[in-house]
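The values are calculated or read from the model by the stated rules, or taken from the named source; none is laboratory data. Keep in mind the model is a prediction, meaning the values are calculated, not measured. Cβ atoms come from the backbone with ideal geometry, glycine included; neighbour counts cover every protein chain shown. The area values use the complete protein model at the heavy-atom level, side chains included, leaving out ligands, DNA and RNA. Shrake-Rupley method; radii C 1.70, N 1.55, O 1.52, S 1.80 Å.
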Amino acid sequence: MAEQKPDGDVTTERTGRALARGVRSAVLGGLSGLLAAGAALGVAQLVAGFTGPAGEPVLAVGGTAIDLTPVPVKDFAIAHFGSHDKAVLLGGILVMVAIFAMGTGIAARRWIGYGLAGLAVFGALGVAAALSRPVSGPVDAAPAVVGAAAGAAVLFLLARAAVDPSRTAAGPGPQPVRPRPAGQSQGDWPGRRRFLLTAAGAAVLAAGGAGLGQVLLGRFSVAAARDQIRLPAPAVTRPPVPPGAQLRVPGISAFTTPNASFYRVDTALSLPQVPPEQWRLRVHGMVARELDISFGELLRRPLTEADITLACVSNQVGGPYVGNARWLGASLAALLREAGVRRGADQILSTSADGWTCGTPIETVLDGRDALLAVGMNGQPLPVAHGFPARMVVPGLYGYVSATKWVTDLEITTFAAQRAYWVQRGYAAQAPIKTESRIDVPKPLAQLKAGRTAVAGVAWAPHRGLDAVQVRAGNGPWQQARLAAVPGLDTWRQWVWLWDATPGLHQLQVRATDGTGAIQPARRVPIFPNGATGRDTVTVTVT
Ligand SMILES: Nc1nc2c(c(=O)[nH]1)N[C@H]1C(S)=C(S)[C@@H](COP(=O)(O)O)O[C@H]1N2
Ligand SMILES: [Mo]
């Protein structure tokens, strides 16, 4: 373009210098924006280290995003990212912050007001998110406010350092080109040293604030308090799980899922840290007597052991969001009887320390099943990820209508009067776990040798019990699988079928029959609004 001009040489040099200056300005602007945002987040984390985790702006924005996420997007996230959905969300937020910060930094090169406005927006979002969390107080606005102020100071100092003295005014339009001072190269610009020093200071502020904040936030961890807990012996013990519950088939799901590999599903971006000495459970609403019990009082109640399979409504056919544990807890029914449920009440609306809500039918809790206020899982205090210090577990109901973790409040009410978290988002208010079966081995697309092959897995219909499992290859006849022993009606059940595999491509299919004689439906329905149905199918090649 410049070459076409008659005064080519001068114009080319001038255009080249202008271009270099433009690129440099964009790089400096983008970098300044990133450093300002980094300092803002670092300082915010440091302040949150004093005021508490609820005000940490990235987590607050993430938590708000989760609550506002439309159901289909949430189902997509759970299906595609699984337990990594939270890491993906946080990563996405940080990428968006970085892009916004670079844009703001570049705009701030034109006029610092744009930059300050950008940081104000950034801070306001953080404040709004922090204050709208169910468990936050006014003090939780502090991290975002102080962080945004720190970011603004950093942006201002960087802008002042990086100002180009060869430009007379900060306004747009052509700028006079001044001769470069002798001995100064293209990469060397006035203010460079000052900019670099300021940038290094901002980076230290960002990293130091984040690191120190992280350490301070560690004060809120309940890991040490959990280690101190000694669970009392159960008043109602169960015999050990019968050895016959575990088939000797390599690759089959363990009958008792170890705590460390138990699936985790919840809306909590950072795990609620509820100190047991501060924990209280309030039982109120349509009751004769309100109750308010401490963790010590809960441990002094008669505790029951029970093997119960927990399943998530978001589990796809064949999916991983199901697990079985031996729980230890106080009877929920006994607690309700003590409070005296008033006539007409039909729902327990339970609330967690982080403000999530869950609606459970009172009738189900009172019908004699082992509905628990659990404190132990497989011989350990509840892991923090699974609800420490106390959670609900009710056999036969999907987790979102029964299994409140970090539970602190039970309101006795009606389904007509109150809708819980997922019910507000369209999920069914009544959600018994559907009869399901899963093929654990062989794995999908496995290459097998012809001959005797174990096809095995688990099937569940908690509280109805599991009576039969049938398997077939291709369109062959349904064959009875052998069922493992079970300790009761409330757990899943292992099954195995010895298949005489012949060469070719085969589709293996499974279906279960529950204790009422009903066969698991073949019809595929999606997770929404009350759980998926269909048959788990695995395709294998036999040679
Ligand atoms: N506080 C709280 N409790 C909760 C949830 C939640 O989001 N918050 N999710 C529920 C759902 S949908 C399921 S399936 C179970 C999962 O329990 P787990 O994570 O211990 O496997 O917890 C339930 N309890
Ligand atoms: Mo769930």
Original post:
Which of the residues spanning the range 393-440 are open to solvent by 20 Å² or more (accessible area, probe 1.4 Å), more than 10 Å from ligand 1 (Cβ to nearest atom) and β-branched (Val, Ile, Thr)?
Top reply: Thr414, Val423
**OP:** Among residues belonging to the range 117-134 that are farther than 18 Å from Gly42 by Cα and of a type outside the set (Lys, Arg), point out the one that is modelled with the lowest pLDDT.
**Re:** Pro134
**OP:** Tell me, please, whether a residue that is more than 30 Å from Ala454 (Cα to Cα) and within 16 Å of ligand 2 (Cβ to nearest atom) can be found in the range 252-259.
**Re:** no
Original post:
If you check Arg230 against the conditions, is it out of contact with any Ser or Thr (no Cβ under 8 Å at 6 or more places or on another chain), surrounded by 16 or more Cβ atoms within 10 Å (Cβ to Cβ) and of a type in the set (Lys, Arg)?
Top reply: no
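Here's the yes/no breakdown for (1) under 30 Å from Val455 (Cβ atoms); (2) away from ligand 1 (no atom under 16 Å from the Cβ); (3) in the same structural domain as Ala54 (by TED's automatic domain parsing):
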{"site": "Arg238", "(1), (2), (3)": "no, yes, no"}
{"site": "Pro250", "(1), (2), (3)": "yes, yes, no"}
{"site": "Arg264", "(1), (2), (3)": "yes, no, no"}
{"site": "Glu277", "(1), (2), (3)": "no, yes, no"}
{"site": "Thr304", "(1), (2), (3)": "no, yes, no"}
Original post:
So which residues in the range 257-285 are out of contact with any Gly (no Cβ under 7 Å at 6 or more places or on another chain), more than 22 Å from Ile229 (Cα to Cα) and crowded, with 19+ Cβ neighbours inside 10 Å?
Top reply: Asp266, Ala268, Val283, Gly285
Original post:
If His506 satisfies every condition in (1) open to solvent by less than 20 Å² (accessible area, probe 1.4 Å); (2) touching a strand residue (DSSP E or B) at 6+ places or on another chain (Cβ under 8 Å) but one, which is the exception?
Top reply: (1)
**OP:** Kindly indicate whether Gly355 is open to solvent by 10 Å² or more (accessible area, probe 1.4 Å), away from ligand 1 (no atom under 16 Å from the Cβ) and not in a helix (DSSP H, G or I).
**Re:** no
**OP:** Identify, from the list Pro53, Pro57, the residue that is surrounded by 18 or more Cβ atoms within 10 Å (Cβ to Cβ) and touching a Phe, Trp or Tyr at 6+ places or on another chain (Cβ under 7 Å).
**Re:** Pro53
Original post:
What is the number of the single condition among (1) part of a loop (DSSP other than H, G, I, E, B); (2) buried (at least 18 other Cβ atoms within 10 Å of the Cβ) that Leu336 does not meet?
Top reply: (1)
**OP:** Answer yes or no as to whether Leu298 is open to solvent by less than 20 Å² (accessible area, probe 1.4 Å) and within 26 Å of the chain's Cα centre (by Cα).
**Re:** no
Original post:
Do the conditions hold for Leu35, that is, is it under 30 Å from Phe262 (Cα atoms), modelled with pLDDT of 90 or more and buried (at least 18 other Cβ atoms within 10 Å of the Cβ)?
Top reply: no
Original post:
Quick check, is Pro176 modelled with pLDDT under 85 and either in contact with a Pro (Cβ under 7 Å, 6 or more places away or on another chain) or open to solvent by less than 60 Å² (accessible area, probe 1.4 Å) (or both)?
Top reply: no
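Are any residues in the range 297-308 more than 16 Å from ligand 2 (Cβ to nearest atom) and touching a residue at least 40 places away in the same chain (Cβ under 8 Å), and if so, which ones? Can you show your working first?
From the range 297-308, those more than 16 Å from ligand 2 (Cβ to nearest atom) are 297-307; that's our starting set.
Listed by number, the residues that qualify are Leu298, Leu299, Arg300, Pro302, Leu303, Thr304, Glu305, Ala306, Asp307.
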Subject >> Test for Ala108: is it under 14 Å from the mean Cα position of the chain (by Cα) and assigned to a helix (DSSP H, G or I) >> reply: no
**OP:** Any chance you could count how many residues in the range 309-332 are more than 14 Å from ligand 2 (Cβ to nearest atom) and open to solvent by 10 Å² or more (accessible area, probe 1.4 Å)?
**Re:** 5
Subject >> Every residue from the range 466-503 that is small (Gly, Ala, Ser), open to solvent by less than 10 Å² (accessible area, probe 1.4 Å) and in a strand (DSSP E or B) >> reply: Ala501
**OP:** Quickly run through the range 233-256 and pick out the residues that are part of a loop (DSSP other than H, G, I, E, B) and open to solvent by less than 30 Å² (accessible area, probe 1.4 Å).
**Re:** Leu247, Val249, Ile252, Ser253, Phe255
**OP:** Scan the range 41-69 for residues that are free of Cβ contacts under 8 Å to residues at least 12 places away in the same chain and of a type outside the set (Val, Ile, Thr) and jot them down.
**Re:** Leu68
Original post:
What is the one condition in (1) surrounded by 13 or more Cβ atoms within 10 Å (Cβ to Cβ); (2) touching a strand residue (DSSP E or B) at 6+ places or on another chain (Cβ under 7 Å) that His463 does not satisfy?
Top reply: (2)
Subject >> Within the range 383-392, considering residues that are in a loop (DSSP other than H, G, I, E, B) and either outside the structural domain of Ile348 (by TED's automatic domain parsing) or surrounded by 24 or more Cβ atoms within 10 Å (Cβ to Cβ) (or both), the one nearest to ligand 2 (Cβ to nearest atom) >> reply: Gly387
